[in-house]
Amino acid sequence: MEKEVKTTCPYCGVGCGVIATVDDNGAVAVRGDADHPANFGRLCSKGSALAETLDLDGRLLHPEIDGCQAGWDEALDLVAARFAETIAEHGPDSVAFYVSGQLLTEDYYVANKLMKGFVGSANIDTNSRLCMSSSVAGHRRAFGSDTVPGTYEDLELADLVVLTGSNLAWCHPVLYQRLAAAKAKRPGLKIVLIDPRRTMTADIADLHLAIRPDADVALFVGLFSHLVSSNAVDQNYVAAHTAGFGDTLLAAGGVSFDDVLERTGLPAMQLREFYRLFSTTEKVVTCYSQGVNQSSSGTDKVNAILNCHLATGRIGRPGMGPFSLTGQPNAMGGREVGGLANMLAAHMAIEDAGDRDRVQRFWRSPKIAEKPGLKAVDLFRAVADGRVKALWIMATNPVVSMPDADAVEAAIRACPFVVVSDILKETDTARHAHVLLPSLGWGEKSGTVTNSERRISRQRAFLAAPGEARADWWQLAEVGRRLGHTDAFAYEAPAAIFREHAALSAFENAGSRDFDIGAYADLALEDYDGLTPFQWPQRQGQKRAESRFFAAGNFYHADGRGRFVAVRPAETDRTNADYPFTLNTGRIRDQWHTMTRTGKSARLSAHIAEPFAELHPRDAMEIGVGNADLIEIESPEGKAFVRALITERQARGSIFAPMHWNDQFAAKARIDVLVPPITDRLSGQPASKNIAVAARKFKATHYAFAVSLAKPVDPDAAYWALAKAAGGWRLELAFAEPVDDWAGWCRRVLAIPQGVEPLGYADAQTGDIRLAFFDGPQLLAAFFLAREPVAVARNWAIAQLGADHANLRKRFALVAGRPGADKPDPGATVCSCFGVGVNQIVAAVRGGCHSVEAVGVALNAGTNCGSCRAEIRGIIDGCLAAAAE
Ligand SMILES: Nc1nc2c(c(=O)[nH]1)N[C@H]1C(S)=C(S)[C@@H](COP(=O)(O)OP(=O)(O)OC[C@H]3O[C@@H](n4cnc5c(=O)[nH]c(N)nc54)[C@H](O)[C@@H]3O)O[C@H]1N2
Ligand SMILES: Nc1nc2c(c(=O)[nH]1)N[C@H]1C(S)=C(S)[C@@H](COP(=O)(O)OP(=O)(O)OC[C@H]3O[C@@H](n4cnc5c(=O)[nH]c(N)nc54)[C@H](O)[C@@H]3O)O[C@H]1N2
Ligand code: SF4
Ligand SMILES: [Mo]
């Protein structure tokens, strides 16, 4: 019998409801949950492909100690013993946890409780430091609490949506779809995008401000002045509910319109238009994400935005407000449990003696951390210099995602005791663990997550635990018990943890703290199982009609007033002739972070199969780089090799590279090795978007492309990038020097069995070599080598892995490296849901399909999740423009 389970997507902070079905053979299918208020049935490309990422390939199924399989008792005893010894000898601050916004709230709660209440240190930080901490710091400065005032519906109700430092189309795709649908219905809804790059999100923007990196403070300080001079300030709101207006106005006076023009690099007309739109539109929502947070001025950027909403009183009312978009599925839940080193629990403050005492009484803990712990960058510094001697890393991959990643890797390698809890056996971080603990993954674990609009939803298990994998909360509780805290960690199921978390949120609260879900403190097990999505706060005995905050003031500073913060644009002089480019890093549509899950899907890997760097055509020309060349990017911290992608979407002088690739998928593409450990002074969040780098062409003697049935092993080449492909793997390569025996190289790397001889072709004139290995009619691997970037049609070559090669002519066509006339090459995949390539779309446009809808009718492309609609529109525009020339 088919089983249907309602759960929540494990990727981005939109927090879409998913219905998973498992059939009798164990096959899983997913679809959007039409009843979930985040997505109403929609899913993006990543959500739609969830079922393809659930195989057990590469999974960690048993605990390991020093690379050898071990039992749970042995592993947990060792973890507890080593932590206990270290604490006894060097004090509580000599140990640390580094956790993740991808933990469930229940896991996170236990981790935080164990470290802050029972180890007695606040050395627990999380990858949310790299993600949301500037928003947290900004919220706390302005509101006295870490509160996101609005709801998703506000984007649909607004008359102006400002997106700044957000690539909504790719990073919060379902919210983007909701916004796009609202705009289609009501074209009067204006959208302004503020981003140095012209991203796919620009597709729905009425105005795109290609701002200079980190000029946001100047832009919003200038807006503040404009709101004052154009009488848009809500004097009543400011007088009744805020403080600090005067000082902020004074500070803003120091930034003239001309200063703003100079700092932002924007044309005056565009700037005026933005200011006019903002000041004359009552219903404004300003959404922001990593272009704001990940900056040395991240917290000031946040407050510069909040100032404008406070000044106009546009906050907490339908269609109005600042909106920090959270990245990870449980970034918000992590903040609720106080998972950051400078927070306590349930939105209480670690600096506040009363709060510390309250939490300690509630936990009945022997101690409580007395001061904030080390923030991520400082934490790894402390690991490096030996202050932290035992480290537990859970659900995050810092060797890939932390700034100065090589230094972080060296620190982990040198740490006397490292525990890693992950779902995969081999990650760039797991390879340095002394103890590896197998965790349950999505579909296997149970608990709750909170999305960007404060909505708590259940993740539910629908698959059996694989091997000996166990939940993260269980691992932590077991260690807590082994450290002697038997009662405090006697949980038997996530429901009990959730109840405790809910009870703590209400404990001595009485409206003094924003986060309160006391209504759920006594939730019965069946009710936890059946829990439907709800937004906080939900105080005990009170049904709250209003889901927004601050329309009528009631901020969480002691005087109840919101604060203006007198921010000033930072002086940044970053001219350095050795590192003339600005590197901006971020995300692509179909990969999730360090690719441990999305990298398993051939469909998702087809959209962009290689690490790349986007640069402007004139910059490319100046450094002698052509499309498809490889470039070497260098900063004082490190080096990376990636493919060049030349595009006018990129501003001059700046380079964009994705953060996703790692040592499992590429030779040298961990982009965080380039990022210096510079942080925002208030939040400690690294500045991952504005990095001084040099770029040059990487001179290869040979380039190659291979498809292979078996997973390639250790490709020794200066450059390689591996991706899952339908039926096998694809491998891009470049060599710094020729290899003597190419066939031998293939045999080793592409795992060709003994006795299989290659079918070969070598062009003496061009130096091209092609090799194909067959087992009967089955292609095992094909290898295409050239002195220039290889021009073979990738999707066609991949399709050959599944094709029947009984016919000898077909085998020769393969080594000739071109599709037959009957099988045109579909080109690079645009629509991953239906596997439609760019050449197919171009053909459809030439055949008369001049709208995204028409292409959808002809090819299905863009008709499922819709994530590729902006790209399809771009292709149509490109074809029509070319035709008009
Ligand atoms: N496909 C996909 N979606 C994801 C994720 C993923 O890995 N893959 N990760 C999730 C997570 S954890 C997060 S945090 C979110 C992040 O979501 P986003 O913040 O939307 O994504 P990013 O690509 O990191 O950065 C957003 C934009 O900021 C711009 N930017 C850079 N510098 C500046 C600046 O100085 N000012 C302004 N205004 N803009 C600037 C960049 O050009 C970029 O387009 O995405 C979530 N969703
Ligand atoms: N240069 C640059 N660097 C960045 C960013 C950027 O924009 N630019 N963005 C930053 C941001 S916003 C973020 S959020 C981080 C993300 O960076 P990471 O958190 O390092 O990335 P993930 O790949 O999501 O890592 C999650 C890990 O947990 C494992 N895992 C999955 N499910 C589970 C589970 O249920 N339990 C356990 N124990 N493990 C599990 C996965 O296999 C994986 O190894 O990167 C940051 N780094
Ligand atoms: S928008 Fe996509 S990745 Fe984000 S929660 Fe929804 S389905 Fe998952
Ligand atoms: Mo994030």
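So here's what we get for this one:
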{"item": "D214 among the charged types (D, E, K, R) and within 8 Å of ligand 1 (Cβ to nearest atom)", "result": "yes"}
{"item": "Flag if L604 is more than 30 Å from S48 (Cβ to Cβ), open to solvent by less than 30 Å² (accessible area, probe 1.4 Å) and within 15 Å of ligand 2 (Cβ to nearest atom)", "result": "no"}
{"item": "Helices (runs of 4 or more DSSP H) lying entirely in segment 367-466 (those with 3 or more residues that are surrounded by fewer than 24 Cβ atoms within 10 Å (Cβ to Cβ))", "result": "376-384, 405-414"}
{"item": "Residue match in segment 783-798 (condition: in contact with a Ser or Thr (Cβ under 8 Å, 6 or more places away or on another chain) and either modelled with pLDDT of 90 or more or surrounded by fewer than 20 Cβ atoms within 10 Å (Cβ to Cβ) (or both))", "result": "yes"}
{"item": "Residue match in segment 165-187 (condition: open to solvent by 10 Å² or more (accessible area, probe 1.4 Å) and farther than 27 Å from G862 by Cβ)", "result": "no"}
{"item": "So R431, is it over 20 Å from the mean Cα position of the chain (by Cα) and within 13 Å of ligand 2 (Cβ to nearest atom)", "result": "yes"}
{"item": "Criterion: touching a Gly at 6+ places or on another chain (Cβ under 9 Å), assigned to a loop (DSSP other than H, G, I, E, B) and either more than 16 Å from ligand 3 (Cβ to nearest atom) or on the phi < 0 side of the Ramachandran plot (or both) - qualifying residue of A566, A570", "result": "A566"}
{"item": "Residue match in segment 457-475 (condition: hydrophobic (A, V, I, L, M, F, W, C) and under 24 Å from H139 (Cβ atoms))", "result": "no"}
{"item": "Selection from segment 742-793 of residues that are of a type in the set (G, A, S) and within 23 Å of A718 (Cβ to Cβ)", "result": "A743, G744, A751, A762, G767, A781, A782, A786, A791"}
{"item": "Within segment 342-394, tally of residues that are at pLDDT below 95 and of a type in the set (S, T, N, Q)", "result": "1"}
{"item": "Top-ranked residue of segment 139-152 - restricted to ones that are assigned to a helix (DSSP H, G or I) and under 30 Å from F40 (Cβ atoms), ranked as farthest from ligand 4 (Cβ to nearest atom)", "result": "F143"}
{"item": "Which numbered condition V284 fails, given (1) under 23 Å from S324 (Cβ atoms); (2) without any contact (Cβ under 8 Å) to a residue 60 or more places away in the chain", "result": "(2)"}
{"item": "Number of the condition not met by S230 [criteria: (1) open to solvent by 20 Å² or more (accessible area, probe 1.4 Å); (2) closer than 17 Å to S867 by Cβ]", "result": "(2)"}
{"item": "Among residues of segment 674-705, those that are surrounded by 24 or more Cβ atoms within 10 Å (Cβ to Cβ), part of a strand (DSSP E or B) and touching a Pro at 6+ places or on another chain (Cβ under 7 Å), counted", "result": "3"}
{"item": "Residue list for segment 613-625, restricted to those being buried (at least 21 other Cβ atoms within 10 Å of the Cβ) and without any contact (Cβ under 8 Å) to a residue 60 or more places away in the chain", "result": "A620"}
{"item": "Identity of the residue in segment 537-553, modelled with pLDDT of 95 or more and either open to solvent by 20 Å² or more (accessible area, probe 1.4 Å) or assigned by TED's automatic domain parsing to the domain that holds D680 (or both), that ends up farthest from N451 (Cα to Cα)", "result": "A552"}
{"item": "In segment 660-707, the residues that are among the acidic types (D, E) and either within 26 Å of R212 (Cβ to Cβ) or within 16 Å of ligand 3 (Cβ to nearest atom) (or both)", "result": "D672, D680"}
{"item": "Given (1) open to solvent by 40 Å² or more (accessible area, probe 1.4 Å); (2) at pLDDT 95 or above; (3) under 19 Å from T147 (Cα atoms); (4) hydrophobic (A, V, I, L, M, F, W, C), number of the condition A510 does not satisfy", "result": "(2)"}
{"item": "Check on A122, open to solvent by less than 10 Å² (accessible area, probe 1.4 Å), assigned to a loop (DSSP other than H, G, I, E, B), closer than 26 Å to V565 by Cβ and hydrophobic (A, V, I, L, M, F, W, C)", "result": "yes"}
{"item": "Segment 344-358, subset free of Cβ contacts under 8 Å to residues at least 60 places away in the same chain and not in a helix (DSSP H, G or I), residue most open to solvent (accessible area, probe 1.4 Å)", "result": "E351"}
{"item": "Selection count, segment 729-772, where residues are in a loop (DSSP other than H, G, I, E, B) and open to solvent by less than 70 Å² (accessible area, probe 1.4 Å)", "result": "12"}
{"item": "Per-region count, segment 568-592, residues within 16 Å of ligand 4 (Cβ to nearest atom) and open to solvent by 30 Å² or more (accessible area, probe 1.4 Å)", "result": "1"}
{"item": "Qualifying position, being of a type in the set (K, R), in contact with a helix residue (DSSP H, G or I) (Cβ under 8 Å, 6 or more places away or on another chain) and buried (at least 22 other Cβ atoms within 10 Å of the Cβ), among R597, R561", "result": "R597"}
{"item": "Selected residue (only one of A772, A734, A751 is closer than 30 Å to K639 by Cβ, out of contact with any Asp or Glu (no Cβ under 9 Å at 6 or more places or on another chain) and without any contact (Cβ under 8 Å) to a residue 60 or more places away in the chain)", "result": "A751"}
{"item": "From A38, A70, A34, residue being aliphatic (A, V, I, L, M), surrounded by 24 or more Cβ atoms within 10 Å (Cβ to Cβ) and away from ligand 4 (no atom under 16 Å from the Cβ)", "result": "A38"}
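The rows are residues; the columns are (1) more than 23 Å from the chain's Cα centre (by Cα); (2) closer than 21 Å to E74 by Cα; (3) modelled with pLDDT of 95 or more.
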site	(1), (2), (3)
F417	yes, yes, yes
V435	yes, yes, yes
L440	no, yes, yes
N451	no, no, yes
R458	no, no, yes
E478	yes, yes, yes
Y491	yes, yes, yes
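Quick grid of which residues meet (1) in a helix (DSSP H, G or I); (2) within 16 Å of ligand 2 (Cβ to nearest atom); (3) of a type in the set (D, E, K, R):
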| residue | (1), (2), (3) |
| --- | --- |
| N839 | yes, no, no |
| V842 | yes, no, no |
| E853 | yes, no, yes |
| G856 | yes, no, no |
| G862 | no, no, no |
| C865 | no, no, no |
| E871 | yes, no, yes |
| I876 | yes, no, no |
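The values are calculated or read from the model by the stated rules, or taken from the named source; none is laboratory data. Predicted, not measured: the structure shown is a model, and the values here were computed from it. Glycine also receives a Cβ, built like all others from the backbone with ideal geometry; neighbour counts cover every protein chain displayed. Surface accessibility is based on the protein's heavy atoms, side chains included, excluding ligands, DNA and RNA. Shrake-Rupley method; radii C 1.70, N 1.55, O 1.52, S 1.80 Å.
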